[in-house]
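The values are calculated or read from the model by the stated rules, or taken from the named source; none is laboratory data. Since this is a predicted model, take the numbers as computed values, not measurements. Here the Cβ is made from the backbone with ideal geometry for all residues, glycine too, and neighbour counts use every protein chain on show.
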Amino acid sequence: MYLLLVFVLQTLWVSWCHATQHYPASWGHYDVCKSQVYAEDRLAWHYMACQPEATDMTKYLTVSLDPPNITCGDPPEMYCALENPYMCNNECDADTEELAHPPELMFDSEGRNPTTFWQSTSWKKYPKPLQVNITLSWNKTIELTDDIVLTFESGRPEQLVLEKSLDYGHTWQPYQFYASDCLDAFTMEPKAVHQLNPSTMLEIICTEAYSTGYVWKYDKTVRFEIKDRFALLAGPRLHNMASLYGQLDTTKNLRDFFTLTDLRIRLLRPATGATMVDENNLSRYFYAISDIKVQGRCKCNLHANSCVFDKGKLGCECEHNTTGPDCARCKRHYQGRAWSMGSYLPIPKGTANICEYILPSPSRHDSWESIVLHQAPKRDLFSRLEDPNPHTNKAPLFVSTLISSTISVEPQISKDSPRNTRVCDNVLLRCQNGGMCHHHQRCQCLAGFGGILCEKAQCQGDSCEDLQSSQPSLHPPPAAQTLPLALLSLIPSLLATRGLTSL
Ligand SMILES: [Ca+2]
């Protein structure tokens, strides 16, 4: 039974590898960083465009209101229906759970009856404007992937601006204006997204489609139409996303348009349902929002395919030797060339733009071969050898040295090595066989082991051969031997990771 399982898994694995090898661009790998494939009878990494999956981003935001005391219920207040000034049975009381309407009720899961909603105080200070700013902050750069949808429990506002910030709330720019009369409210001609074309798709418009007065009972949503804008490049049913991604790769303005750290909903004038405000019954006028939808993904600059929410903060799990919350810079020691974002289009059309290891200057006694083998982390050596990225191969000295060398040569550090050379660390240059890294300068090996990374078994006579053959090699072993073991070892880790919060 056990052998049968291994056989089946191996067959599936080989089939998958062959498929990805022959059709690397046809899998829609826009969300995948890399995958293992067979190349010349061994496993190799194929790098591809990578980004985290799109998800409900309202789970990861903080909300703030301005003015802060604008939520109803303190003191308790009675409200009347907009369409009927004599129907005044809506009470708000912040101290009674069933009657309170705090901001978090804009983000809870709906489906309960009645709906839950945030509600403002009424327009009791008329004619002073009733204005509220609702700010949603992620403390992380995110990219929108679907329409933003606000669902109002009250009538939809007569004037509203949706704004965004790219710099954590320091500066703001409008996303869209909404008004029952765009000319009167914002001196803008009303427009709809379907009137835009590919050359005007980033235009900021004022729409009158979501501010109609009395029909609020039937149409409660206000939308920022992301998908309609995508469709201007990707076709009406988004069937040609490659076209959109190709444009995103080359057009910074387009990328930035869908990118933000904060959203701000500026409620400027509540629904009145009429041209005149009824000053005798101002409890008819207020804002109430039952739901806000923001679908998007962490922005990782195409260098991560997952994003984790840890200790209240989102962060990309960076690949390609990049680091930072957005993978926006190269890791230490990997500034071999300038950082660059990855690409939306998968290889071979795009490139992973992997940060490259810095080659140290050779001292008089070091050959290039010895420096490369001594100082480049093993994982990096493999990724370079196997990296199909054409840019990587632009370092002919490095690549040809590696190809002409055997990676399983044991590391030796010259006496003249620079003092700041990192011999070991806890990430890539791990001391082996139980050795401990001491100030990044040397591995303290357990008895019976030696070598720079404790990789050598110290032995004498006939026992040497057996011991050495049991030591890990820098060469990957033949895939046919490792696949069953690798697949089996994946099973417990797959089971274990099911409980992790990963986007
Ligand atoms: Ca709700």
ask   = Of the residues Ser165, Ser120, which is within 16 Å of the ligand (Cβ to nearest atom), within 26 Å of Met188 (Cβ to Cβ) and in contact with a Phe, Trp or Tyr (Cβ under 8 Å, 6 or more places away or on another chain)?
value = Ser120
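Here's the yes/no breakdown for (1) surrounded by fewer than 22 Cβ atoms within 10 Å (Cβ to Cβ); (2) modelled with pLDDT under 65:
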residue	(1), (2)
Asn301	no, no
Ser306	yes, no
Lys311	yes, no
Pro346	no, no
Arg364	yes, yes
Set Leu233, Leu254, Leu260: member being among the aliphatic types (A, V, I, L, M) and more than 22 Å from the chain's Cα centre (by Cα) = Leu233
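So that you can scan it fast, the table gives a plain yes or no per residue for (1) under 30 Å from Asn90 (Cβ atoms); (2) touching a His at 6+ places or on another chain (Cβ under 8 Å); (3) within 16 Å of the ligand (Cβ to nearest atom):
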site	(1), (2), (3)
Asn253	no, no, no
Leu260	no, no, no
Arg264	yes, no, no
Leu267	yes, no, no
Gln295	no, no, no
Cys318	no, yes, no
note = The lone condition Ile142 fails out of (1) assigned to a loop (DSSP other than H, G, I, E, B); (2) surrounded by 20 or more Cβ atoms within 10 Å (Cβ to Cβ); (3) away from the ligand (no atom under 15 Å from the Cβ) is (1)
inquiry  = If Lys128 meets every condition in (1) within 16 Å of the ligand (Cβ to nearest atom); (2) over 17 Å from Gly296 (Cβ atoms); (3) among the basic types (Lys, Arg) apart from one, which number is that one?
reply    = (1)
note = Flagged pairs (Cβ under 8 angstrom, 6 or more apart or on separate chains; first in the stretch 237-256, among the basic types (Lys, Arg); second in a helix (DSSP H, G or I) and crowded, with 17+ Cβ neighbours inside 10 Å) are Arg237/Ala231; Arg255/Leu248
query = When you look at Val149, is it of a type in the set (Val, Ile, Thr) and crowded, with 19+ Cβ neighbours inside 10 Å, yes or no?
reply = no
key: Filter pass, Ile134 being within 16 Å of the ligand (Cβ to nearest atom), buried (at least 18 other Cβ atoms within 10 Å of the Cβ) and not in a loop (DSSP other than H, G, I, E, B)   = yes
key: Criterion violated by Ser109 - all others in (1) assigned to a loop (DSSP other than H, G, I, E, B); (2) within 16 Å of the ligand (Cβ to nearest atom); (3) surrounded by 13 or more Cβ atoms within 10 Å (Cβ to Cβ) satisfied   = (3)
